[in-house]
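Asks: This structure is in structure tokens; I'll ask about it shortly.
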Amino acid sequence: MSTKTEQEWRAILTPEQFRVLRQKGTERPGTGEYNKFYDKGTYHCAGCDAPLYVSDTKFDSGCGWPAFFDAIPGALVRHEDNSFGMQRIEICCANCGGHLGHLFKGEGFGTPTDERHCVNSISLKFKE
């Protein structure tokens, strides 16, 4: 897990990336650059460049954020999140601890895992 200080993170991330990745913020739905993006490649953590998702696991959930049905093995850590009166599973980068979004199960999308990883675009970078 990364041991950067808050000051070091602020120096390498944009203010919006810092708000989402380090302060567990959320970008507005439908505004992220990867929401309707379907090129073939790999999605990496915008904070530390660790590979997180392959494009073959991305699908259009209509939720307003990029959705994936599975991550690269070992790429994520999951935490229970009961904020805002909801029971959710927070997903974070296993390498740097950056907040990516939330994981939802049993929504009926028909994915192989029956999961939807709802990820903030700003916490990702894409590589072909």
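Asks: Report the full-extension gain for the segment Thr14 to Asp114: residue separation times 0.36 nm, less the Cα-Cα distance, to one decimal in nm.
Replies: 32.7 nm
Asks: Taking the alpha-carbon distance from Lys24 and a cut-off under 20 Å, which lysines remain once sequence neighbours fewer than 8 residues away in the same chain are dropped?
Replies: Answer for Lys24, where 20 Å is the Cα cut-off: Lys4, Lys125, listed by chain and number.
Asks: Under 1.5 on a/c is rounded, so check that first for region 72-120, then, if it is not, pick prolate when a/b is larger than b/c and oblate when it is not; a ≥ b ≥ c are the square roots of the alpha carbon gyration tensor eigenvalues.
Replies: oblate
Asks: Roughly how many percent of the accessible protein surface of the chain is carbon and sulfur, given a 1.4 Å probe and a whole-percent answer?
Replies: Carbon and sulfur together cover 50 percent of it.
Asks: For region 49-88, what is the convex hull volume of the alpha-carbon atoms per residue, in Å³?
Replies: Convex hull volume per residue, Cα atoms: 113 Å³.
Asks: While we're here: Excluding residues fewer than 8 places away in the same chain, name every one of the aspartates and glutamates whose C-alpha is closer than 13 Å to that of Lys127.
Replies: Asp39, Asp49
Asks: Under 19 Å Cα-Cα from Lys105, which lysines qualify once same-chain neighbours fewer than 8 residues away are excluded?
Replies: Excluding near neighbours in sequence, the set is Lys58.
Asks: Now a separate question. State the extension gain, in nm to one decimal, for the chain segment bounded by Gln23 and Thr3, taking 0.36 nm per residue of separation less the distance between their alpha-carbons.
Replies: Length gained between Gln23 and Thr3: 5.7 nm.
Asks: Give me the Kirkwood hydrodynamic radius of the chain, using the inverse of the mean 1/r over all pairs of distinct Cα atoms, in Å to one decimal.
Replies: After inverting the mean inverse Cα-Cα distance, the result is 14.6 Å.
Asks: Explain nothing, just the number: dipole magnitude of the chain about its Cα centre with +1 on each Lys and Arg Cβ and -1 on each Asp and Glu Cβ, in debye rounded to the nearest 20.
Replies: 240 debye
The values are calculated or read from the model by the stated rules, or taken from the named source; none is laboratory data. Source: prediction; values computed, not measured. As a convention, Cβ positions derive from the backbone with ideal geometry for all residues, glycine included, and neighbour counts pool all protein chains shown. Only protein heavy atoms, including side chains, enter the accessible area calculation; ligands, DNA and RNA are left aside. Shrake-Rupley method; radii C 1.70, N 1.55, O 1.52, S 1.80 Å.
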